[in-house]
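Colleague: Provided herewith is a single structure, encoded as structure tokens, for subsequent inquiry.
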Amino acid sequence: MNYFKPLLCTVLMLLTLLPASADEGNTQLPATAAEEKKEGIDLQGILFGHIQDSYEWHITDIGGKPVVIHLPIIVKSSTGWHVFCSSEFEHHADANGNRPGPYGLYISGSEANANKIVENINGQEVRPIDISITKTVVVLFIDAILLLLCVLIPAHWCRKHKIDDPAPKGFTGFMHMFIMYVYHDIIESILGKEAPKYAPYLLTCFFFIFVANVMGVMPFPPGGGNLTGNIACTLFLAFCTFLVTNLTGTKEYWKEIFWPEVPTWLKVPIPLMPFIELFGIFTKPLALMIRLFANMMAGHAVAISLTCLIFVMYGIHAAAGTAMIPVSVAMSIFMMLLEVLVCFIQAMVFTMLSAVFISLSHVHEHEAKSA
């Protein structure tokens, strides 16, 4: 009975993600390509239709009709600022693969500006200033609100109780346990006495990533958005760690970068080691960005690919497709349960490595000499 709810959620996700992804892929293809797709399934269109950002939130199809949450479009084109709803774009692409909209704007189907709002100026596609509220932005707001609730509810309890009061129960007690686990076992074990100073930032990183990962696994709104599978999001998180690490670094930290304790010929006349150390400043946050982005995007891609195996085998033979159904569903359920574990692991790894980088930037002179 304990496994019923995760199993049910996973099955619902599999039934929901596929039609939503397939429809997104269809709206981005020209009519000729759509006719060619009748002979088989467009795996690339389905995968990237789910993973990529969009100007609308496609939920599922009911009775052959798409259920879509249309989002606001805010752009500045050659004719000025325009604010309208994404429903004003045509749902299906034209012969050129574009989805026409108002004010001479359209969602491009070209390779250079795929799925982006553009306008045609002198025969060339030009992207206007685009600050639209896309699906990723909406998911970001939702995850931020959930994160605030997860933190403010336990904080409200703490303000009204004393330290020697009985421990809270329910959601508040769970969050207390979760926060203390991350603080003591990850942050404090790495930073030691400096843990209270950097705990607010590191705890925010952990729980934001964890909430975003878990919400991305959910098959229906307010979940279903692949936020941490968007490289812009992981880039910003890694950049924040980069700033905290280097702006709080000690003098000895910078001395080890520009004048490390190595033979002089490695520093002058060719600054080989300083260049390598300086290059390492940028590779650390880059590793944080790529690791989180690649793992979360790959998890979504694998889950959808396993589901698509059914339709691929049906394209070969009906019997093969029927035989593939239990195998594909079982593998998809296993992958999604594993994805839940990955949600926690990736949040923990990002927080742990951020704490390690911060700790390495706080090296002091006696520590450097002893090392």
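Colleague: Every residue in segment 103-131 that is hydroxyl-bearing (Ser, Thr, Tyr) and buried (at least 19 other Cβ atoms within 10 Å of the Cβ), please.
Modeller: First, the residues of segment 103-131 that are hydroxyl-bearing (Ser, Thr, Tyr): 103, 106, 108, 110.
Within segment 103-131, 106, 108 meet the criteria.
Colleague: Could you tell me whether any residue of segment 336-343 is without any contact (Cβ under 8 Å) to a residue 24 or more places away in the chain and of a type in the set (Val, Ile, Thr)?
Modeller: No, because not a single residue in segment 336-343 is without any contact (Cβ under 8 Å) to a residue 24 or more places away in the chain and of a type in the set (Val, Ile, Thr).
Colleague: Out of (1) assigned to a helix (DSSP H, G or I); (2) more than 21 Å from residue 231 (Cβ to Cβ); (3) open to solvent by 30 Å² or more (accessible area, probe 1.4 Å), what's the single condition that is false for residue 308?
Modeller: That leaves (3) as the condition not met.
Colleague: Let me ask something additional. What residue, among those in segment 105-119 that are in a loop (DSSP other than H, G, I, E, B) and at pLDDT 90 or above, is farthest from residue 133 (Cα to Cα)?
Modeller: Of segment 105-119, the ones in a loop (DSSP other than H, G, I, E, B) are 108-116.
Next, only the ones that are at pLDDT 90 or above stay: 108, 116.
Working: 108: 18, 116: 13 Å.
By that ranking, first place goes to 108.
Colleague: Let me ask something else about it. Which residues, taken from segment 70-90, are exposed (fewer than 13 other Cβ atoms within 10 Å of the Cβ) and not charged (D, E, K, R)? Please lay out each step first, then the result.
Modeller: First, pick out the residues of segment 70-90 that are exposed (fewer than 13 other Cβ atoms within 10 Å of the Cβ): 76, 78-81, 83.
Listed by number, the residues that qualify are 78, 79, 80, 81, 83.
Colleague: Looking at segment 147-167 only, could you name the residues that are outside any helix (DSSP H, G or I), open to solvent by less than 90 Å² (accessible area, probe 1.4 Å) and over 24 Å from residue 348 (Cβ atoms)? Let's see the steps before the verdict.
Modeller: Step one: of segment 147-167, the residues outside any helix (DSSP H, G or I) are 160-167.
From the residues that got through so far, the ones that are open to solvent by less than 90 Å² (accessible area, probe 1.4 Å) too are 161, 165, 167.
Of everything in segment 147-167, those that are outside any helix (DSSP H, G or I), open to solvent by less than 90 Å² (accessible area, probe 1.4 Å) and over 24 Å from residue 348 (Cβ atoms) turn out to be 161, 165.
Colleague: Please work out if residue 292 is open to solvent by less than 40 Å² (accessible area, probe 1.4 Å) and touching a residue at least 24 places away in the same chain (Cβ under 8 Å). Explain how you work it out, then say what you get.
Modeller: Details: open to solvent by less than 40 Å² (accessible area, probe 1.4 Å): yes; touching a residue at least 24 places away in the same chain (Cβ under 8 Å): yes.
Yes; evaluated as a whole, the condition is true for this residue.
The values are calculated or read from the model by the stated rules, or taken from the named source; none is laboratory data. Note that the structure is a prediction, hence the values are computed from the model and not measured. Please note: Cβ atoms are built from the backbone with ideal geometry, for glycine as well, and neighbour counts cover all protein chains shown. Keep in mind that these areas ignore ligands, DNA and RNA; they rest on the heavy atoms of the full protein, side chains included. Shrake-Rupley method; radii C 1.70, N 1.55, O 1.52, S 1.80 Å.
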